[in-house]
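Accompanying notes for the structure given below.
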Amino acid sequence: MSSNNLNLTSNSKILKSTSIPTLISGPCSAESEEQMLQTARGLINDHRVHIFRAGIWKPRTRPGLFEGVGRVGLEWLRTVKQETGLPTAVEVANTKHVEEALEYGVDILWVGARTTVNPFSVQEVADALQGVDIPVLVKNPVNPDIQLWLGALERLNRAGITDLGLIHRGFSTPNNKPYRNHPKWETIQQIRSLAPGIPLFCDPSHIAGRRDLLETVSQQALHLGVDGLMIESHINPDVALSDASQQVTPAGLTKLLDALDLDHEHVASKEQLQDLRTLIDRLDHDLINLLFLRSDVSKRIGEYKRANALDIFQAGRWSEVVEDRLRLANEIGVDESFIRAILDAIHQHSIGVQNEVMNTPASVKKEAVK
Ligand code: PEP
Ligand code: MN
């Protein structure tokens, strides 16, 4: 299989079950049964939340930080599911995580950014999932390497996982400002064309790293047509044991969702309109630049006419110009009277420019330049 020719057997079910973007929310980390239940109870008040997430094993950059509650968190998660009916999702990074998550009936697994970078780890997760029918989402690797991301999808697919999805969570780049992880938005288009048909989520929380950027990042991702969002929420974000500055309360999530344009078709048509407006802007700029160049040439013609004592208006030449431009307009199908009106305006302006040149003695011009 060539690296650009991904041949996945994909059959995405749970991830595209709704008409609005699929929303995954819940705490960065499971911390206590109370924290999990209160967060989940808050989230179900908003019917736009489809899946409850929680980190059970936390990959931390430095040892000694909160590394997740482990197995007991899976018990709390099971209680959340029983009480709220929300399907649950956790991050897995090794065989033990997979086995325990399956033992507790977790509905969806995801591979985190720090795991996707390591093919040994991804293969271990894939091997542990051999023969299991469960949706698996793959976050992009920490570094902007699309092939690693695709490689992880392929490893899982070869282990028989067909319900696959991708999560764009931004990248570590030399300058991530103002983000925590740079979105490199062009990646969305690239991964879409390399893995067509695989649902694509965006994780604005890990891109933004701070609450005040969540709306902009989420809306941009929706404009780019992502199928869903994963947004971290916590009943009391300020005291969260991980990612405190980027989590929102359930009420904060509702406020955020209210502010977003979530309608797929609406977003798509807005996107098209934006593209067309950008094109018009560019064409208008080109037109103005061309008119400037044309006006400059008129001036030089004026200078030539002055030096050679010629009349400004030469009727024969202008009829030829009009005839030639209208022929072109007809050939390419532009309305003739529209072009005639524009040519008239251009001609008037051109005569004005040449008159000014003719009436300004060459010596005056030079002095003015001094
Ligand atoms: C997370 O989702 O809490 C997490 C650790 O994310 P990432 O793998 O994107 O860093
Ligand atoms: Mn987190």
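The values are calculated or read from the model by the stated rules, or taken from the named source; none is laboratory data. Worth saying up front: this structure is predicted, and the values here are computed from it rather than measured. Here the Cβ positions follow ideal geometry from the backbone for every residue, glycine too, while neighbour counts run over all protein chains shown. Surface accessibility is based on the protein's heavy atoms, side chains included, excluding ligands, DNA and RNA. Shrake-Rupley method; radii C 1.70, N 1.55, O 1.52, S 1.80 Å.
Quick notes on this structure:
- The value of relative contact order for the chain, using C-alpha pairs under 8 Å at least six residues apart, is 14 percent.
- Carbon/sulfur fraction of accessible area - the chain, other protein chains in place, 1.4 Å, %: 52
- Candidates GLN274, GLN38, GLN354: whichever shows maximal mean-square fluctuation once the chain is modelled as a Gaussian network with Cα springs under 10 Å: GLN354
- Based on Cα contacts under 8 Å between residues 6+ apart, the stretch 81-198 shows a relative contact order of 21 percent.
- The stretch 271-359, accessible area per residue, ligands and nucleic acids excluded (1.4 Å, Å²): 76
- For the listed residue pairs LYS81/LYS177; LYS13/LYS58; LYS58/LYS177, the alpha carbons are over 31 angstrom apart in LYS81/LYS177.
- The stretch 1-160: relative contact order in percent, alpha carbon pairs under 8 Å with at least 6 residues between: 18
- Shown are ASP238, ASP243, ASP203, ASP335, whose ranking by accessible area with a 1.4 Å probe and every protein chain present, most to least, is ASP238, ASP335, ASP243, ASP203.
- Of all aspartates and glutamates in the structure, those lying under 19 Å Cα to Cα from LYS255, and not within fewer than 8 positions of it along the same chain, are ASP46, ASP203, ASP212, GLU215, GLU232, ASP238, ASP263.
- Normalised radius of gyration (Cα atoms, divided by 2.2 N^0.38 Å) for the chain: 1.47.
- Mean residue ellipticity at 222 nm, helices only, the chain: -16500 deg cm²/dmol; runs of at least 4 DSSP H residues each add -39,500 (n - 2.57), and the sum is divided by the number of residues.
- Between ASN175, ASN355, ASN236, the GNM of the chain built on Cα springs shorter than 10 angstrom shows ASN355 fluctuating the most.
- With respect to the chain, whose longest principal axis is taken over its alpha-carbon atoms, helix 264-307 is tilted by about 20°.
- Nearest-20 debye value, the chain charge dipole, Cβ charges on Lys, Arg, Asp, Glu: 1080
- Tilt relative to the chain, helix 71-84 - C-alpha long axis, 0 to 90 degrees, to 10: 70
- Listed residue (VAL321, ASN308, HIS349) projecting farthest to the positive dipole end of the stretch 271-359, Cβ model: ASN308
- Gained length - PHE66 relative to ARG327, 0.36 nm times residue gap less alpha-carbon distance: 86.4 nm
- On the beta carbon distance between LEU287 and SER172, with R0 = 41 Å, the FRET formula returns roughly 0.45.
- Counting only aspartates and glutamates at least 8 places from LYS96 when in the same chain, those with an alpha carbon closer than 13 Å to its own are GLU124, ASP127.
- Per residue accessible area in Å² of the stretch 22-267, where ligands, DNA and RNA are left out and the probe is 1.4 Å: 38
- Cross-link partners of LYS305 among aspartates and glutamates, defined as those whose alpha carbon lies under 20 angstrom from its own and excluding same-chain residues fewer than eight positions apart: ASP296, GLU320, GLU356.
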